[in-house]
Amino acid sequence: MPAPNAESRQDFFVGLIKRLRPVRGLPTWARYLMTAGMVLLCFCARYFLTEVQGSPFLLFLPSIVLSSFLFDRGSGFFATLFSTALAIYFFIEPRSSFTLQDVGSVLSVAVFLGVGLFTAAIIEALRNTVDALVTSEESLASNLNLLEGVIEGTPDPIFVKDKEGRYVQANAVTARILGLPKDLLIGKRDRDLMPKELAKAIEAADQTVMQSQVPSVVEELVNVAGQGQRCFLSTKAPWYDANGHVAGLIGIARDIHERKQSETAVRSANAQKEVLLYDINHRVKNHLQSVISLLAMSKRRVEDPVAEAEIDNAVSRLSVLARVYDRLHVKDEDGTAVVNVREFLQGLCDEVGPALIGLRPIALRTAFDEVELDAGRAVSLGLAVNELLQNSLKYAFPDDTPGVVTVRLSHHGSDGEYALEVADDGIGLPETAWRTGTGTRLVRALAQQLGGSVTWHEPPGTRVELVIPKLGLT
């Protein structure tokens with residue numbers, strides 16, 4: 001058949017070009033010496049073949065063609081000049097001389113020189129073009145082999161579909177998942193391979209990608225041969241033809257069935273933990289409220305003002321604990337019980353502030369960044385705010401003096417460091433209060449528990465800054 005013969009000739013020619021490549025790398029003297037040998041062979045053939053005596057140049061052409069093809073145009077030019085010299089000296093009258101007696105001889109020499117030089121240049125250009133094509137084919141074949149290796153080597157299914165949803169390419173993993181050999185899978189659609197509802201959802205997602213021309217990541221249920229339905233995370237992107245028109249889509253998927261089952265189990269466990277935590281928190285909060293009520297009842301029987309103040313402080317601190325348990329919830333990602341600090345501190349200030357301010361002309365301003373803490377650290381932070389806020393509202397504004405108290409928690413520096421600031425523009429704390437007071441000692445102890453440091457700034461007013469490294473959950 002013509003096609004196979006033409007293909008065989010092409011393969012032979014390409015193979016010949018590849019095998020002859022090392023010859024072009026020979027030293028110049030070697031190439032010219034071999035060229036001279038070819039010219040001399042042609043000279044001998046011309047000298048002993050009497051039937052071509054009338055054509056002094058004809059048999060020299062093979063040496064020009066062959067040297068240009070094997071080496072380069074320089075060798076072809078050398079073959080042309082050497083052949084011309086031999087032809088003039090041995091075959092053109094007067095022989096044994098380089099003299100040309102007539103115009104015809106001059107013209108024949110000029111024509112041969114022109115044809116020889118032109119032939120050498122053209123053959124080298126053709127050879128370079130063929131070399132470039134062969135190199136391109138080799139590079140293309142290498143890239144295709146690399147791409148095939150990547151596609152077949154990945155453990156994930158990779159596939160290409162046309163605009164009608166038919167598979168036009170797929171790796172072995174895709175074929176194994178869908179339960180067909182690769183050659184039988186090509187041309188099939190998802191509706192031919194799995195239940196109608198599953199195929200309908202997959203084909204709808206495919207059409208969305210092709211129509212919007214926007215890559216998409218979607219979770220899909222796929223009917224896996226021998227395993228039933230499994231969940232895959234598929235990444236799909238439009239496939240464009242040479243004219244830039246959408247020809248289909250390219251996709252790669254990852255089996256996430258076990259991960260989805262684990263996520264479901266974690267959500268179920270977290271839901272159970274949330275119920276259990278709510279029950280425990282409710283019980284603890286009730287117990288704390290009972291203790292607070294008992295302290296309040298005890299206060300009625302106490303006549304010592306110092307004892308009454310200590311009972312009030314104890315009630316206030318227990319209220320902080322109760323508020324923490326009221327705000328405690330389960331974090332979905334890992335099931336950790338956490339407190340939203342912004343909501344917790346805002347609620348604490350809303351409760352403590354009005355109770356201590358009463359009708360006095362004092363403004364309470366708050367600002368808290370979003371951060372989540374475990375229960376223990378939230379209690380320490382809440383107790384610190386409670387003590388500092390009470391100190392400001394008790395001592396900073398005597399005799400109904402107007403003023404402003406600010407409570408702020410903000411990100412400070414880098415690496416999760418936060419600063420808690422409680423400031424007022426009042427008269428400042430008494431010497432005994434901020435140096436030796438119970439509340440001050442408690443704040444210092446709480447700062448140590450949080451791994452931070454506390455600083456008092458006076459005057460004017462009082463500003464207390466508690467710097468806490470790595471406050472948030474890690």
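The set of residues from segment 172-211 being touching a Lys or Arg at 6+ places or on another chain (Cβ under 9 Å), part of a loop (DSSP other than H, G, I, E, B) and surrounded by 14 or more Cβ atoms within 10 Å (Cβ to Cβ) comprises Leu180, Ile186, Lys188, Arg189.
Could you identify the single residue in Leu373, Leu364 that is surrounded by 18 or more Cβ atoms within 10 Å (Cβ to Cβ), part of a strand (DSSP E or B), at pLDDT 85 or above and hydrophobic (A, V, I, L, M, F, W, C)? Reasoning before the result, please.
Details: Leu373 fails: at pLDDT 85 or above.
Unique residue meeting the criteria: Leu364.
Here are Glu370, Glu387: which of them is free of Cβ contacts under 8 Å to residues at least 40 places away in the same chain and either of a type in the set (S, T, N, Q) or assigned by TED's automatic domain parsing to the domain that holds Asp425 (or both)?
Working: Glu387 fails: free of Cβ contacts under 8 Å to residues at least 40 places away in the same chain.
Just one listed residue meets the conditions, Glu370.
Gln169 passes every criterion in (1) polar (S, T, N, Q); (2) surrounded by fewer than 16 Cβ atoms within 10 Å (Cβ to Cβ); (3) not in a helix (DSSP H, G or I) apart from (2).
Only one of the listed residues (Arg46, Arg73, Arg95) is under 27 Å from Lys18 (Cβ atoms) and either assigned by TED's automatic domain parsing to the domain that holds Leu126 or among the acidic types (Asp, Glu) (or both). That residue is Arg73.
If the condition is being assigned to a loop (DSSP other than H, G, I, E, B) and crowded, with 19+ Cβ neighbours inside 10 Å, then segment 73-100 contributes only Ile92. The residues of segment 124-161 that are under 36 Å from the mean Cα position of the chain (by Cα) and of a type in the set (Ser, Thr, Tyr), listed by number, are Thr135, Ser136, Ser139, Ser142, Thr154. Filtering segment 141-166 to residues that are of a type in the set (D, E, K, R), part of a loop (DSSP other than H, G, I, E, B) and loosely packed, with under 13 Cβ neighbours inside 10 Å leaves only Glu164.
The values are calculated or read from the model by the stated rules, or taken from the named source; none is laboratory data. All values derive from a computational prediction rather than experimental measurement. Neighbour counts are summed over all protein chains in view; Cβ atoms, including those assigned to glycine, are modelled from backbone coordinates with ideal geometry.
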